[in-house]
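Q: The structure's right below; bear with me while I get my questions together.
The values are calculated or read from the model by the stated rules, or taken from the named source; none is laboratory data. Since this is a predicted model, take the numbers as computed values, not measurements. Virtual Cβ from ideal backbone geometry, glycine too; neighbours counted across all protein chains shown. Please note that ligands, DNA and RNA were not included when accessible areas were found on the heavy atoms of the full protein model with its side chains. Shrake-Rupley method; radii C 1.70, N 1.55, O 1.52, S 1.80 Å.
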Amino acid sequence: MLFKKAFLEKIRDGRATLAFRRWQRPTVKSGGTLLTAVGELPIVSVTQVALEEISEQDAMQAGYESRESLLRELSRRSEGEFYKIELGALRPDPRIALRESTELTKEEIRGLHERLRRLDERAAHGPWTRKTLEVIGNRPGVRAGELCEMMDLEKEAFKLNVRKLKNLGLTESLGTGYRLSPRGRRVLEALQHEGVHHSESAK
């Protein structure tokens, strides 16, 4: 479920507490959460509705100037059922606090390494996590289009990988490109140290 920047600003300011969608199948569920550019958004409820049940007040709470403008927006899609989504109060993005956390125990480091290893194992294009961290660490603020070439990946596949690292608190998005978070630098240092250790042990 995506929101335009202008609507996110209304959510952040408390001017929008509802959303409406026409879906073949809901992409969010009651009691769930949604990470957005302005924070973590609780999804209070998702209810199927008929158009005639949508009131003028509903439209205003969804950030529209009128019920007519909301219905016009919903009618742009020709198929699917109509849903009313009640939104909760924004909470801080949990990844922000996570990426600042560098006081990691050996057990936590091992756990993160294991999660990265599983990401590598599931990737059709082979191991990518450490190399991606190194590429971003060496080139903060460089466009994704340039970084993906270094990884020999399509841009969208590269950006999806970076989002996976971001969800672990290891990277941060900039106006252009990315950078490693303090947590990401700590984890990469441990990975590199581990690699040197294994190399020396093999001699």
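Q: Grab the DSSP H runs of the chain that are 4 residues or longer, score each as -39,500 (n - 2.57), total them, divide by all residues and round the 222 nm result to the nearest 500 deg cm²/dmol.
A: -15000 deg cm²/dmol
Q: Pulled fully out, how much extra length does the chain show between Asn167 and Arg179, if you take 0.36 nm times their separation in residues and subtract their Cα-Cα distance?
A: Result for the pair: 2.9 nm of gain on full extension.
Q: Set Lys and Arg Cβ to +1 and Asp and Glu Cβ to -1, take the dipole of the chain about its Cα centre, and tell me which of Leu8, Leu104, Pro94 lies farthest positive.
A: After comparing all options, I get Leu104.
Q: Of all beta bridges DSSP finds with both residues in the chain, what is the antiparallel percent, to the nearest 5?
A: That works out to approximately 100 percent antiparallel.
Q: Also, quick follow-up: For region 88-197, take the alpha-carbon Rg, divide it by the Kirkwood Rh, and send me Rg/Rh.
A: 0.97
Q: Follow-up question, since we're still on this one. Could you sort the peptides 52-65, 100-113 by per-residue average Cβ neighbour count (10 Å cutoff), highest mean leading?
A: By packing density, highest mean first, the sequence is 52-65, 100-113.
Q: Using only Cα atoms, what is the ratio of the radius of gyration of region 1-114 to 2.2 N^0.38 Å?
A: For region 1-114, the normalised Cα radius of gyration is 1.33.
Q: Please compute the per residue accessible area over region 11-77 with all protein chains in place, 1.4 Å probe, rounded to a whole number of Å².
A: 60
Q: What label, among [x] 1.09; [y] 1.46; [z] 0.94, belongs to Rg/Rh (Cα atoms, Kirkwood Rh) computed from the structure on display?
A: Recomputing Rg/Rh (Cα atoms, Kirkwood Rh) here gives the entry labelled [x].
Q: What fraction of the Cα pairs in region 103-148, stated in percent, has a spacing above 17 angstrom?
A: 48
Q: Mind checking the dipole of region 96-168: about its Cα centre, +1 per Lys or Arg Cβ, -1 per Asp or Glu Cβ, Debye to the nearest 20?
A: Here region 96-168 has a charge dipole of around 120 debye.
Q: Then there's this: Would you mind telling me the share, in percent, of accessible area of region 14-169 contributed by carbon and sulfur at probe 1.4 angstrom?
A: Heavy-atom surface of region 14-169 belonging to carbon and sulfur, 1.4 Å probe: 46 percent.
Q: Could you work out how much longer the chain between Arg72 and Ala37 gets when fully extended? Use 0.36 nm per residue separation minus the Cα distance between them, nm to one decimal.
A: Computed gain between Arg72 and Ala37 is 10.0 nm.
Q: Can you give me the Cα centroid spacing of region 97-134 and region 48-95 in angstrom?
A: 38
Q: Between Thr102 and Gln57, how many nm apart are label points set 7 Å from Cα along the C-beta direction?
A: 5.2
Q: Can you give the log10 of the normalised intensity I(q)/I(0) at q = 0.28 Å⁻¹, computed with Debye over equal Cα scatterers of region 1-58?
A: -1.40
Q: List the lysines whose Cα lies under 29 Å from the Cα of Lys10, skipping any in the same chain that are fewer than 8 positions away.
A: Of all the lysines, those that pass the test against Lys10 - Cα under 29 Å, at least 8 places apart if same chain - are Lys29, Lys84, Lys159, Lys164, Lys166.
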